[in-house]
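Note sheet for the following structure.
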Amino acid sequence: MKEVYLDYAATAPIDLDVKQAVDEANEKYFGNASSLHTIGQRAKGQMEQARETIARYINAAEANEVYFTSGGTESDNWAIKGIALAQMEKGKHIITSAIEHHAVLHACEFMEKMGFEVTYLPVARDGSVRIADLKAAIREDTILITIMAANNEIGTIQPIKEIGEIARKRGILFHTDAVQALGSMPLDVQAMQIDLMSISAHKVYGPKGVGAMYIKKGTEIENLMHGGAHELRRRAGTNNVPGIVGFGKAVELLKQNEAVYVAHYTQMRDYLRDRIENELDEVILNGHQEKRLPNNLNVSFAYVEGEALLLSLDMEGICVSTGSACSSGSLKPSHVIEALGLDENYLHGTVRFTVGRQTTKEDIDYTVDRLKSVIARLRSMSPLYKDSKNS
Amino acid sequence: MDYSEKVIQHFREPHNVGVLEEANAFGKVGSPACGDKTEMYLKIEDGIIKEAKFMTFGCAAAIASSSVATDLLKGMTIEEAKALKNEQVIKELGGLPEAKIHCSVMVEEAVRAALEDYEARQK
Ligand SMILES: Cc1ncc(COP(=O)(O)O)c(C=O)c1O
Ligand SMILES: [Zn+2]
């Protein structure tokens, strides 16, 4: 059966050049980057090259502002817990948004349990954080603003440059989760006045289980990992050199080809969007329609349930994700979809399509073709659809 | 998703989908705001369920449960139908994941609502 992968935001397949770099590192650079001997230092050299590549790509002032971690989740946790613990003398208030990734939200909830206060900013219907809301939420004791660069479900890009400017002016640290943004939009930590930024390799065709955090020089932050003296004594643990080398290679490819990748994502996404809009009734597009990630299309289909839709598409070999789950007790939209305030007929029928480098026009044609029959089938069983036609 | 072969079968090709025009018992449970919604249509003659159909908005478990329940209902007496429990539907489906039990409960409730409607009409 044909297989169409449209879930690149969940994870991307490793790029073949990246895989080659990882394989080579596994063989040739197996040393412990902390060892003083030649083999250890050889591995360290490769790791530092990757650090340099990534630092340059995000326009960090120094390579040493990039710290390798196990991925986006660790970076987010480190930023929130590490800053909260290091700055609690100044205050115990954190500002975030209602639509952050769970790695941010659950870390914030944990800090609430530890006695911190967190403000969860609501978002507009298009998923954007409103600057006025942010300004109104800032207090004397606010120590951290953490707002994602772009949302993983609905693709909306947040005004992080404006947020960075406000935070800097008020002397508040600014962290952004740029896990989805990396490779899809420009990220310049200096121009955007970012103090901390989370990124992850597997979303940019790199290996899984490796990521990084940018920490502006001079930022006081507590460690999450205690142990050896790795990563300038800030993140203990033997370095995942092959993973880091792969991450470096993946970012090097971004540097070389980002415009080409983005053009391809945009073309495929727009083609999918146009066909869905023209050929299916009663659908709405979620997220901001201009300020959005180029590879993301989030659609709500009225009168059908997301999990049933996902499973039906999966039976046709099409892999997508949904912002709806029917779990213990009831049908529940994701926190992101919930925050948008959709009409109830659309609330549970949300699908995220994310295209990637391997996506072809044939994939999209096949998807739309099957999507039409799947939607028609599910609507034919839906009492909501029937009622809407009768009234 | 952790679904049995049987759930997938019934989800892929559910039995007894649609509105039963000649139904003399009708039950409806759920709301779009809180989630799943099911309509149950029964045609009862001489105390026996002759025909059963459903319309369901919901996940695969809800659709498969509706399909199996309508299969089970056909030929049952009213008393048997009243005693139909979601456990029986689950058993027929070869099990449901823990988080999906509530979807079969909804179907049980729809059957009960239809039988109550039938009794109300007899008065
Ligand atoms: C916005 C965002 N933040 C954080 C993460 C977590 O990253 P990782 O999978 O590297 O832990 C993800 C990926 O799921 C994400 O999309
Ligand atoms: Zn369900």
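The values are calculated or read from the model by the stated rules, or taken from the named source; none is laboratory data. Since this is a predicted model, take the numbers as computed values, not measurements. Methodologically, a virtual Cβ is constructed for each residue, glycine included, from the backbone with ideal geometry; neighbour enumeration extends over all protein chains shown. Accessible surface is based on the protein model in full, side chains and every heavy atom, while ligands, DNA and RNA are left aside. Shrake-Rupley method; radii C 1.70, N 1.55, O 1.52, S 1.80 Å.
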- Need at least 3 residues that are of a type in the set (A, V, I, L, M, F, W, C) and open to solvent by less than 30 Å² (accessible area, probe 1.4 Å) per element, so show me which helices (runs of 4 or more DSSP H) inside the range A:97-201 make the cut, counting only ones lying wholly within it. A:102-113, A:160-170
- Task: Could you check, for the range A:147-154, whether at least one of its residues is charged (D, E, K, R), farther than 30 Å from A:GLU52 by Cβ and either within 13 Å of ligand 1 (Cβ to nearest atom) or modelled with pLDDT under 95 (or both)?
- Result: yes
- Note on the structure: Given the conditions (1) within 12 Å of chain A (Cβ to nearest Cβ); (2) open to solvent by 10 Å² or more (accessible area, probe 1.4 Å), every one holds for B:CYS103 apart from (2)
- Message: Just to be sure before I move on: is A:SER300 closer than 27 Å to A:ALA178 by Cβ and within 14 Å of chain B (Cβ to nearest Cβ) in the structure I sent?
- Response: yes
- Item | Qualifying helices (runs of 4 or more DSSP H) (wholly inside the range A:1-90; at least 2 residues being among the charged types (D, E, K, R) and in contact with a strand residue (DSSP E or B) (Cβ under 8 Å, 6 or more places away or on another chain)) | A:72-87
- If you go through the range A:1-20 one residue at a time, how many are closer than 10 Å to A:GLY206 by Cα and open to solvent by less than 80 Å² (accessible area, probe 1.4 Å)? 7
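Results for (1) of a type in the set (Asp, Glu); (2) open to solvent by less than 10 Å² (accessible area, probe 1.4 Å); (3) modelled with pLDDT of 95 or more, shown as yes or no for each residue.
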{"position": "B:ALA23", "(1), (2), (3)": "no, no, yes"}
{"position": "B:GLU39", "(1), (2), (3)": "yes, yes, yes"}
{"position": "B:ASP46", "(1), (2), (3)": "yes, no, yes"}
{"position": "B:LYS53", "(1), (2), (3)": "no, no, yes"}
{"position": "B:THR56", "(1), (2), (3)": "no, yes, yes"}
{"position": "B:SER65", "(1), (2), (3)": "no, yes, yes"}
{"position": "B:GLY75", "(1), (2), (3)": "no, no, yes"}
{"position": "B:GLU80", "(1), (2), (3)": "yes, no, yes"}
{"position": "B:VAL89", "(1), (2), (3)": "no, yes, yes"}
- Any residue in the range B:44-54 that is within 14 Å of chain A (Cβ to nearest Cβ) and under 12 Å from the mean Cα position of the chain (by Cα)? yes
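Tally the residues that are within 14 Å of another protein chain (Cβ to nearest Cβ) and within 16 Å of ligand 2 (Cβ to nearest atom), restricting the search to the range B:106-121. Quick ask: steps written out before the conclusion?
Restricting attention to the range B:106-121, the residues satisfying the condition of being within 14 Å of another protein chain (Cβ to nearest Cβ) are B:106-107, B:109-110, B:113-114.
If we keep only those that are within 16 Å of ligand 2 (Cβ to nearest atom) too, we end up with B:106-107, B:109-110.
Here the count works out to 4.
Among the residues of the range A:95-116, are any away from ligand 2 (no atom under 16 Å from the Cβ) and farther than 29 Å from A:LEU340 by Cβ?
Among the residues of the range A:95-116, at least one is away from ligand 2 (no atom under 16 Å from the Cβ) and farther than 29 Å from A:LEU340 by Cβ, which makes the answer yes.
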- Item | Those residues of the range A:341-375 which are within 13 Å of chain B (Cβ to nearest Cβ) and open to solvent by 50 Å² or more (accessible area, probe 1.4 Å), in sequence order | A:ASP343, A:GLU344, A:SER373
